[in-house]
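Read through the structure below, which is laid out as C-alpha cells, and then see the notes.
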Amino acid sequence: MLTSDLLLTRNEGPYLYPRYIKTDAARFQQMAEELIALFTEHEGKTRRELTDALNRYAEDSTDYRIQRGFAKLLSDDRCEFTERTIAPSAEIRQKLFALARENHPVVLHPDLIHPVTKDELLAEVAREYKTEPEQIAWALYADLSENHILTRFDAPTTDWLLQRYNVALAQALLYRCLQMKLSVFRNIPSRYKQLFKFIKFYQLMHTIQGDLDSGYEILLDGPVSMFRMSQKYGLQLAVFLPALLLCTRWKMEAEIVRPDGSRRFFPLDESSALVSHYRDSTMYDSLLERTFAERFAEIDSGWEIEREVAIINLKETVFIPDFAFRHQDGRTALLEIVGFWRPDYLEKKISKLKRSERTDLVVAVSADLNVGEEDFKDVPGSVFFFKKRINPQEVIARLEQVGQDATQES
C-alpha cells in the first residue's frame, strides 16, 4: 500500500481522481525494469544498503514520488526481510553491556590505567557463543530494521508493478472515505459470493439490497463516517478495492473528505484499466466440496448440480448455499454444507439457515462439530449428519424429499 504522501490526484469539478500512469509508457517501463533489477542485485544485503541504492537511483529522477511508490510496493509485496544473528540481539547486548559495566571504562586502545578494550569484550562473548568477534559485533544491533537482510525477492514482471501501482493509487484515495456506494450486476453468482466474502472478511459495515437477477446495491461506511476517523478502518476499505476489481460488471462512487474538510467524489467502474492482484477463487472453497461435486456428477440421478447459483437476500446480509440442483422435471433444491467449527460461525450459520425459510434446502452437517439435531430443529428443509465425506446417494434421497415438498407447497 502507498502512504498518503505518495498519492497523486487531480480534480475535475466535484470529482477527484488518482493520477494514474500509462502502463505502456516507455519511461515507466524502464523505471520498473531498473528498480526490479536493483532489488534483485541486493538480495542477501541489508535494508540499509538497499535504501542507499534507492536514494542514489532517485537523485536525478523527475518522477521521484512515482519511483518511491514503485519501491514501496516492491518492498511490501515482493520482499522478505529477516534478522540474521547467532542469538537474539537483546541477549547479546545484555551480556556485552554487563561486561562493559564491570570493566568500565572500556577503551579502544589500552594503557596502564585502562587495560580493557572493546575488542577483548567482544572476544569474551564470542567464546561463549563459539563464534568470531565480528559475528558478535554484527549481532549487537542485528534487530534494527535497517540491518535486516533481504533474504528473498520475488521479482515480478514490469507489467505487474505498473498495474499494481495504479491500483495502489486508487486504494490510497480511500483512506479518507466517507462512504462507498457499489452497484454490482450481471456477474456469475460465485463472483457475488466472493465479493460478499471479502466484505465480511475485512469487517466492513454494510447494507445490501437487490437480488441475483437485477444485481446488488451495496453501501459501505467509511472511516470518516465514524465519530473519530479510524486509519485502521480506512486501510480495510482500501484493501477491499482489489476484490471489487474481480467482478465483471460494477460501478463505484466513493465520497472522499479532503484534509481541508472539503468533499469530493471518486467514481470508478469496470471500464477502468485497473487490474486486481488478488487471486480469483470463484470455484470450490474446500476439498470436501470439490470431492462431493465430482462424485455427484458421476451418478445418473436426474439431478444436475450447479455451484453457488442461488443468493438469498437476508436484508443486511446474504446467504449463498454451496450448491443448487435442478431436476429434469423442473424441480429445484439447494444444499448447504456446515463443516467448519467455531462457536460464532455456527451461531451465525444456523441463524441464516432459519431466516432463509427455504423448505427446498438440504443441510449437510459434519459429525465432528459440537452440535446435534436439537440445534437444527427449527431449520427448514432436510438436515443430516456426515462423517468424513458426503454421500451423494444420501443427498439425492434428501433432494427427492424437499423437491416433492416444494412441488406440493407450490
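The values are calculated or read from the model by the stated rules, or taken from the named source; none is laboratory data. Computed from a prediction, not measured in an experiment: that's the story for all the values here. Because the Cβ atoms are built from the backbone with ideal geometry, glycine has one as well, and the counts that use them run over all protein chains shown.
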Residue, surrounded by the fewest Cβ atoms within 10 Å (Cβ to Cβ), within segment 30-50, restricted to residues that are more than 27 Å from the chain's Cα centre (by Cα) and of a type in the set (S, T, N, Q): 30
Near pairs, Cβ below 6 angstrom, 6+ apart or cross-chain, from segment 382-395 (farther than 14 Å from residue 336 by Cβ) to any residue that is charged (D, E, K, R) and in a helix (DSSP H, G or I): 392/295
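Residue-by-condition table, conditions (1) of a type outside the set (Val, Ile, Thr); (2) at pLDDT 90 or above; (3) closer than 18 Å to residue 393 by Cβ:
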{"residue": "295", "(1), (2), (3)": "yes, yes, yes"}
{"residue": "299", "(1), (2), (3)": "no, yes, yes"}
{"residue": "307", "(1), (2), (3)": "yes, no, no"}
{"residue": "311", "(1), (2), (3)": "no, no, no"}
{"residue": "316", "(1), (2), (3)": "yes, no, no"}
{"residue": "319", "(1), (2), (3)": "yes, no, no"}
{"residue": "325", "(1), (2), (3)": "yes, yes, yes"}
Unique residue being crowded, with 17+ Cβ neighbours inside 10 Å, without any contact (Cβ under 8 Å) to a residue 24 or more places away in the chain and in contact with a helix residue (DSSP H, G or I) (Cβ under 6 Å, 6 or more places away or on another chain) when the list is 54, 74, 2: 54
Checklist (1) more than 14 Å from residue 239 (Cα to Cα); (2) touching a Leu at 6+ places or on another chain (Cβ under 9 Å); (3) assigned to a strand (DSSP E or B) applied to residue 194, failing item: (3)
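From the list 93, 68, 101, 127, exactly one residue is out of contact with any strand residue (DSSP E or B) (no Cβ under 6 Å at 6 or more places or on another chain) and closer than 30 Å to residue 8 by Cα. Which is it? So that I can check it myself, show each step before the final result.
Working: 93 fails: closer than 30 Å to residue 8 by Cα; 101 fails: closer than 30 Å to residue 8 by Cα; 127 fails: closer than 30 Å to residue 8 by Cα.
Sole residue among the options that is out of contact with any strand residue (DSSP E or B) (no Cβ under 6 Å at 6 or more places or on another chain) and closer than 30 Å to residue 8 by Cα: 68.
Take residue 194 and decide whether it is surrounded by 15 or more Cβ atoms within 10 Å (Cβ to Cβ), more than 30 Å from residue 34 (Cβ to Cβ), touching a residue at least 12 places away in the same chain (Cβ under 8 Å) and not assigned by TED's automatic domain parsing to the domain that holds residue 41.
Details: surrounded by 15 or more Cβ atoms within 10 Å (Cβ to Cβ): yes; more than 30 Å from residue 34 (Cβ to Cβ): yes; touching a residue at least 12 places away in the same chain (Cβ under 8 Å): yes; not assigned by TED's automatic domain parsing to the domain that holds residue 41: no.
Considered against the rule, which asks whether it is surrounded by 15 or more Cβ atoms within 10 Å (Cβ to Cβ), more than 30 Å from residue 34 (Cβ to Cβ), touching a residue at least 12 places away in the same chain (Cβ under 8 Å) and not assigned by TED's automatic domain parsing to the domain that holds residue 41, residue 194 comes out as no.
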First in segment 157-181 and touching a residue at least 12 places away in the same chain (Cβ under 8 Å) and farther than 16 Å from residue 267 by Cβ, second anywhere and surrounded by fewer than 23 Cβ atoms within 10 Å (Cβ to Cβ) and of a type in the set (Asp, Glu), Cβ under 8 Å, 6 or more apart: 158/33; 164/77
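Count, please, the residues in segment 231-272 that happen to be of a type in the set (A, V, I, L, M), assigned to a loop (DSSP other than H, G, I, E, B) and modelled with pLDDT under 90. Working first, answer last.
Keep residues of segment 231-272 that are of a type in the set (A, V, I, L, M), which gives 235, 237-239, 241, 243-246, 252, 254, 256-257, 268.
Among the residues that remain, those that are also assigned to a loop (DSSP other than H, G, I, E, B) are: 245-246.
Cutting the leftovers down to modelled with pLDDT under 90 gives us none.
Residues that pass the stated criteria total 0.
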Of all residues in segment 273-292 being at pLDDT 85 or above and touching a helix residue (DSSP H, G or I) at 6+ places or on another chain (Cβ under 9 Å), the one that is surrounded by the most Cβ atoms within 10 Å (Cβ to Cβ): 292
Residues that are closer than 21 Å to residue 276 by Cβ and either β-branched (Val, Ile, Thr) or at pLDDT below 95 (or both), drawn from segment 25-44: 36
